[in-house]
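Working notes, structure below.
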Amino acid sequence: MTMTSAELASLMADSAQNAITTTKEEFNLTLDGSEQTLDLVDDVILSWLDKYKAIVLEEDAVFTICNIYGAYVGEIFRKNIGGDWKYDESDPDAPYVVLSYADRTYAFAGVCYQRLVNDSQVSLKQYYDQAVSNNQ
């Protein structure tokens, strides 16, 4: 799948908006695009498990949840620090999107996946804070 930088940026912005809308509809919680909502994102990711149990761990659901919340956190980073979305196809069987800034890449969706599927102690907020710290 080939996408221009502008198309990818638009897709990620739309995905971030989907996180905002879906969180309001599913949990009646407000994400406003601010750094102050990052703790809430960590909670919401686990709330998907509480609400939908094993259904959330089906491949399509995991993909969607991780991508919209990864986009949401990435868009906050992009607006506050900078960066560009990059589509990495180095492994054609497992392409992924990262936010690239100052010779580093940040896999916000991957961190979401770790929290949702493997380890509830993994925190998008802590990952975000470390990414910001790396660039100050």
Counting lysine pairs in the chain that sit 8 or more positions apart or on different chains, with Cα atoms under 26 Å apart, gives 8
In the chain, whole DSSP H helices that both stretch 15 Å or further along their axis by alpha carbon positions and average at least -1.0 on the Kyte-Doolittle scale are 5-27, 38-52, 59-80
Given 17-28, 38-49, the highest-first ranking by average Cβ count within 10 Å works out to 38-49, 17-28
Checked the stretch 11-98 against the a/c 1.5 cut and the a/b vs b/c comparison, axes a ≥ b ≥ c from its Cα gyration tensor; verdict oblate
Taking a probe of 1.4 Å and leaving out DNA, RNA and ligands, the stretch 26-131 shows per residue an accessible area in Å² of 54 Å²
With label points set 7 Å from each Cα along the Cα-to-Cβ direction at Lys79 and Ala61, the distance between them in nm comes to 2.9 nm
Counting only protein heavy atoms with a 1.4 Å probe and every protein chain in place, the carbon and sulfur fraction of the accessible surface of the chain in whole percent equals 47 percent
Interchain or sequence-distant (5+) residues whose placed amide H lies within less than 5 Å of the amide H of Trp85 are Ser100
Per the helix-only model, the chain has a calculated mean residue ellipticity at 222 nm (DSSP H runs of ≥4, -39500 (n - 2.57) each, divided over all residues, rounded to the nearest 500) of -18500 deg cm²/dmol
Residue-ordered couplings for the stretch 83-96, obtained by feeding phi - 60° into the Karplus form 6.51 cos²θ - 1.76 cosθ + 1.60 and rounding to whole Hz (Gly and Pro as x), are x, 9, 6, 10, 9, 9, 10, 4, 10, x, 7, 8, x, 8
Checking the stretch 49-90 for GluC sites (Glu not before Pro) in a loop per DSSP with at most 13 other beta-carbon atoms within 10 Å yields Glu58, Glu89
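The values are calculated or read from the model by the stated rules, or taken from the named source; none is laboratory data. Please read these numbers as outputs of a predicted model, since none were measured by experiment. As a convention, Cβ positions derive from the backbone with ideal geometry for all residues, glycine included, and neighbour counts pool all protein chains shown. For accessibility, only protein heavy atoms count, side chains too; no ligands or nucleic acids. Shrake-Rupley method; radii C 1.70, N 1.55, O 1.52, S 1.80 Å.
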